[in-house]
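One structure is given below, encoded as structure tokens.
The values are calculated or read from the model by the stated rules, or taken from the named source; none is laboratory data. Quantities reported herein were computed from a predicted structural model and do not represent experimental measurements. Note: ideal-geometry Cβ built from the backbone for every residue, glycine included; neighbour counts use all protein chains shown.
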Amino acid sequence: MKKHLHWLLLIGCLAFRLPAKAQDPHFTQFFASPLTLNPAFTGLFSGDIRVAGNYRSQWSSIATPFVTSTVSADMGILKNVIPYNDIWGVGLMVLYDQTGGGGLKSTYMALSTSYHKGLDAEGLKSIAVGFQVALAQKRLDFTKLLFENQLTNLGFDPSMPNGEYFPSSSITYPDYNVGVLYNASIGEYGNMYWGASYYHLSQPNESFLGENYPLHSRLTLHGGGGFAPSPLTRIYLSGLYMQQSSAQEYDIGGALGFVINNQPLNANLFYIGSWYRLGDAINPYVGLEINNLHVGLSYDINVSSLKPASNYRGGFEISLIYIYQKPDSRNKVINCPKF
């Protein structure tokens, strides 16, 4: 009977993963979840503390939605000890993922650190190496799963024994991730960056049955940049490639930013744009940046082979980034990646 559960979990996972062509939880607004994209982003911002949060709900149009959420906080340390043009960042990230109507729940807690070495006197150009260590836990909730032994003439009866044996309903394992990043400020408002990350270095075992089901490593290549065609407008472009086992994902897109307070050097911005996930979804995006708060909204318009069932509806996503700066702090201003 164990194979029936394997099929149930497989079908649920495929329904979520295949359209994105990756096995790990992911965000359409990958640029707004820095510590799940690349640990080398840790500490790269103008300010003292950065807090980021993301929430994604997918496939509610055809099934119980798959929910992924994360929250992270990072900061620079030893600013008076290391060279002025360097940044040493540390951070904490928690991610929660629920699939199969809550039948499978995953929680990740990770610590990140990165060191950004300035390539010029002001640190406007830098290269960074980041490392992340995580503790992952995955749990099966049998009350949310249906088995063949629970099938009766009147339908499924979840109060009946499922006839399955599992050594454990949860697994816990350590995980390790690394990344590199190049970042450069260009002119008064511009920025350019590129990076690479490699997650699941040790390929941990994810079997609930004591068998060998390794989590495949994930390679991510990403880059982007922004510039100002005029003092009151911004243009941002970014792209991403992910490969995990035989699955691949390509994302490309951009956004226009409009200064809404007529202060180019201390701009509040309204963003509108779109990204495209190849073969899967078009992702329109709107955002608002006021002072140190940046909020983004996106929606996946499904264009994959699932569109007859989804009716073009995919997933809703919201992101939030807040950067705290002490009133008396004198952090150097860096044009950091935004998209």
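The set of residues from segment 114-134 being assigned to a strand (DSSP E or B) and over 17 Å from the mean Cα position of the chain (by Cα) comprises 114, 115, 116, 117, 118, 125, 126, 127, 128, 129. Note on segment 314-339: residues that are modelled with pLDDT under 75, over 26 Å from residue 117 (Cα atoms) and surrounded by fewer than 19 Cβ atoms within 10 Å (Cβ to Cβ) total 0. Could you list all residues from segment 194-251 that are touching a residue at least 60 places away in the same chain (Cβ under 8 Å) and among the hydrophobic types (A, V, I, L, M, F, W, C)? Residues satisfying the conditions are 196, 208, 209, 215, 237, 240, 242, 247.
Quick check on my filter: what residues within segment 207-221 are farther than 11 Å from residue 179 by Cα and at pLDDT 85 or above? Across segment 207-221, the qualifying residues are 214, 215, 216, 217, 218. Counting only residues that are within 30 Å of residue 204 (Cα to Cα), part of a loop (DSSP other than H, G, I, E, B) and either in contact with a Pro (Cβ under 7 Å, 6 or more places away or on another chain) or aliphatic (A, V, I, L, M) (or both), segment 239-283 holds 2 of them.
For segment 255-266, the count of residues that are under 17 Å from residue 317 (Cα atoms), surrounded by fewer than 20 Cβ atoms within 10 Å (Cβ to Cβ) and modelled with pLDDT of 95 or more is zero. Residue count for segment 177-198 under the criterion of being touching a Pro at 6+ places or on another chain (Cβ under 9 Å) and either surrounded by fewer than 17 Cβ atoms within 10 Å (Cβ to Cβ) or among the aromatic types (Phe, Trp, Tyr) (or both): the result is 3.
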